[in-house]
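What follows draws every value from the coordinates through simple rules; no lab data is involved. Just so we're clear, the structure is a prediction, and the values are computed from it rather than from any experiment. Reconstructed Cβ throughout: ideal geometry from the backbone, glycine too, with neighbour counts over all protein chains shown.
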Amino acid sequence: MQIPKEIKLYCEKCKTHKPHTLKQFKAGQKRTMGEHTRKHEAKHVAGYGGKARHTIPKKKQGKRPTYMGTCTVCGRKTYYIAGCRTKKQAELI
Ligand SMILES: [Zn+2]
């Protein structure tokens with residue numbers, strides 16, 4: 001799957017569609033001592049050998065690649081999630 005490096009997206013600051021440059025999005029590190037992380041571990045994971053209880057094995061599916069788009073006019077950032085699932089890494093052209 002190939003995605004162009006620059007596409008037109010809606011910019012909330014400019015209130016119109018403007019060209020955005022795409023960059024691979026990488027999620028930040030999760031907080032291990034966050035309130036809901038601790039609650040989730042205590043309620044669903046603790047005592048089950050690291051695996052969450054009541055998990056039903058699912059068929060592996062590809063992921064929709066996520067990008068961070070930056071407005072070329074004002075610099076505001078927006079998420080861009082591609083429309084279809086892919087197993088291979090999508091490349092920017
Ligand atoms: Zn803008």
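General observations
- Loop-resident chymotrypsin sites (Phe, Trp or Tyr not before Pro) (DSSP state other than H, G, I, E or B) in the chain with no more than 14 further Cβ atoms inside 10 Å of their Cβ: Phe25, Tyr48.
- Listed by chain and number, the lysines whose C-alpha is less than 27 Å from the C-alpha of Lys15, apart from same-chain residues fewer than 8 away, are Lys5, Lys23, Lys26, Lys77.
- Between Thr66, Thr21, Thr32, the residue with the greatest mean-square fluctuation in the GNM of the chain (Cα pairs under 10 Å linked by springs) is Thr32.
- Working note: Debye formula, equal point scatterers on the alpha-carbon atoms of the chain, no solvent; log10 I(q)/I(0) at q = 0.16 Å⁻¹ is -0.83.
- Residues Cys84, Cys11 arranged by fewest to most Cβ contacts within 10 Å: Cys84, Cys11
- Here's the list of lysines a cross-link from Lys43 could span, going by alpha-carbon distance under 23 Å and ignoring same-chain residues fewer than 8 apart: Lys30, Lys51, Lys58.
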